[in-house]
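The values are calculated or read from the model by the stated rules, or taken from the named source; none is laboratory data. Note that the structure is a prediction, hence the values are computed from the model and not measured. Cβ coordinates were reconstructed from backbone atoms using ideal geometry, including for glycine residues, and neighbour counts include every protein chain displayed.
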Amino acid sequence: MKRTSLRRVSHIVNVLTKHGLGHFIQAYGLSRHLPFLKRWTIETSKNQDIPVRLRKAMEELGGAYIKLGQLLSLRPDLVPSTWCDEFKKLLDKTKPVGYEQIKPIVEKELGKPINKIFSAFDRKPIGSASIAQVHLATLKSGQKVVVKVQRPNTKEKFESDITLLYYLARKIDKYITNHASPLDVIEEFERYTKRELDFVNEARNADRFYKNFRGSKKVEIPKVYWQYTKPQVLVMQHIKGEKLSEIKLKKGQKSKIAKIIADSVFKQALEDGFFHADMHPGNIMVLPKGRIALLDFGIVSELDPTLRKLELEMYLAIVNKDVRQVTRVLLKEGLPTEETDLQAFAIDCENILDEWYGAELKAARITSMMHHLFNNCVAHKIKMPTNLILFGKGMLTAEGTCLSVDPDFDFLTFSRSKIAQLLKKQKRPSKVIKTFMSKSQDFAVKLADLPNEALDVLEKVKHGAIKIDMAYTDVRHVGMDINRSSNRLAYAMVIAALLVASALLINITPAFYGYSIFSIVSLFGAGILLIMLFVSVLREGSPKYDPHKNWKPKR
């Protein structure tokens, strides 16, 4: 590793130590990056404070480390959910760079002098973060726009930081066994960062939302100006309004805005299959005439038709209080592994649902409960699609935003009517819709799903989640164990017999150095068999020598 990189690693380790994470520095073999004397004065922290301390360390390190924390806040499949909640508090606010540094980037990307494209360009940014800053400008056509410009050397800095993160991940990978591998986390972060560093990806997302909401009277999406959009520069329509996080709504506006937000979420996820996964108040603008606009399209995801159908079934089962169906849908969406205990998983699902059903109406947040169900899948080693986890997190954020706008907003009742409308659009039988609204159960729906369920089972068999082997059964395992035990018992009896024979024949000639040759041979034979017996016992449980795993059926 280069000297500059080693200095950077030393800085990272010092910051982590400063925030009370020294115990992990020692445990993971990173203390050699500290000054010699400091290695012996490391402070430790209480376990319950770890997420808080790590979040503060990330804020101090800035840049890639804040982005890593923000990614992890959306991924309970990678880190514990308590850590996700803490990482949501990470703020990405960076001191802006001067116009003199921004201007060359704009001109290089767009291939023209800045005054040939814009009739006006505000030198002071309206927003600044670790990757980019945003300026107001006016095109030659007179159109007001916002220009998102990547900060100088951002790509190079992130690539350097990711290299260091890989180094640290490899160091600690062998110590992490109960959560996702640190190397897997950094690989996911690298993919995430590469997408975010190319503004064309964000432009595509915004353009897709623009088309999906075209004609909407309640939701506005800024238009992308593709002729001025490049990997490091993004030019979009300037929408005049106030951020939801900064405005004080009138009493009559609150309920209306909350309904528009909730309605847009269901349209995105369950109608269009393409949704904004981070709809917090800072990403929503309030416009005149009770409309809203969505901003920042960096964190989005998709649900294919199959997953959208399963999510409708999930809502149907939850409202009908059908615990078994909820569990079945989760197992359709995810892929159980060899470590999954299906019975324990079903019991935990039932406990989550029982707690939710028993909660007071104001505390009964359906998206929170669904988020707990997804976390339960992760805890039981059921592999869930990443886009489904983002859906759960996105819905949870959206409901929280609705409640922050209007504390009396009933997301559950609203969602029930929306699901009923979606079922009508899918031309489901009217009886199913009526049953859904009255919280009962419809056998016809389950019967119609039977062919699909059979295909799901076959798909899980194909991927190894369900193993069928009629020859290699537990009965054969028992037979193997009995056979092995019998062999060991026979060895022990032969060893005992040889030892007794050796003692009885000690005075029988011929002799060698005063000891009977027959006695020496018997003792030698007993020793060899005793070593073989010990080796057999020591190898027990090792996968390499496990006869259950090595056994193959005769063909």
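Structural remarks
- Lone unmet requirement of (1) at pLDDT 90 or above; (2) out of contact with any helix residue (DSSP H, G or I) (no Cβ under 8 Å at 6 or more places or on another chain) for Ile260: (2)
- Some residue of region 141-164 being more than 15 Å from Val106 (Cβ to Cβ), charged (D, E, K, R) and free of Cβ contacts under 8 Å to residues at least 12 places away in the same chain: yes
- Residue in region 144-153 that is under 26 Å from Glu59 (Cβ atoms) and surrounded by fewer than 19 Cβ atoms within 10 Å (Cβ to Cβ) present: yes
- Tally, over region 499-538, of residues that are touching a Leu at 6+ places or on another chain (Cβ under 6 Å) and either within 30 Å of Ser485 (Cβ to Cβ) or not assigned by TED's automatic domain parsing to the domain that holds Ser485 (or both): 4
- With a requirement of 2 or more residues that are surrounded by 19 or more Cβ atoms within 10 Å (Cβ to Cβ) and touching a residue at least 12 places away in the same chain (Cβ under 8 Å), the helices (runs of 4 or more DSSP H) lying completely within region 45-126 that satisfy it span 50-61, 64-72, 81-87, 99-110.
- Residue in region 398-409 that is in the same structural domain as Arg308 (by TED's automatic domain parsing), part of a helix (DSSP H, G or I) and at pLDDT below 85 present: no
- In region 168-202, the qualifying residues are those that are of a type in the set (Asp, Glu) and in contact (Cβ under 8 Å) with a residue 40 or more places away in the chain, and the one that is surrounded by the fewest Cβ atoms within 10 Å (Cβ to Cβ) is Asp184.
- Filter pass, Glu242 being under 30 Å from Ile257 (Cα atoms), in contact with a helix residue (DSSP H, G or I) (Cβ under 9 Å, 6 or more places away or on another chain) and either among the acidic types (Asp, Glu) or in contact (Cβ under 8 Å) with a residue 12 or more places away in the chain (or both): no
- Residues of region 327-358 that turn out to be among the β-branched types (Val, Ile, Thr) and touching a Cys at 6+ places or on another chain (Cβ under 6 Å), as a count: 1
- Counted residues, region 508-548 - those being assigned to a helix (DSSP H, G or I), exposed (fewer than 14 other Cβ atoms within 10 Å of the Cβ), at pLDDT 70 or above and among the aromatic types (Phe, Trp, Tyr): 2
- Test set (1) more than 21 Å from the chain's Cα centre (by Cα); (2) assigned by TED's automatic domain parsing to the domain that holds Lys112; (3) more than 28 Å from Gly29 (Cα to Cα) - Glu202 fails condition number: (1)
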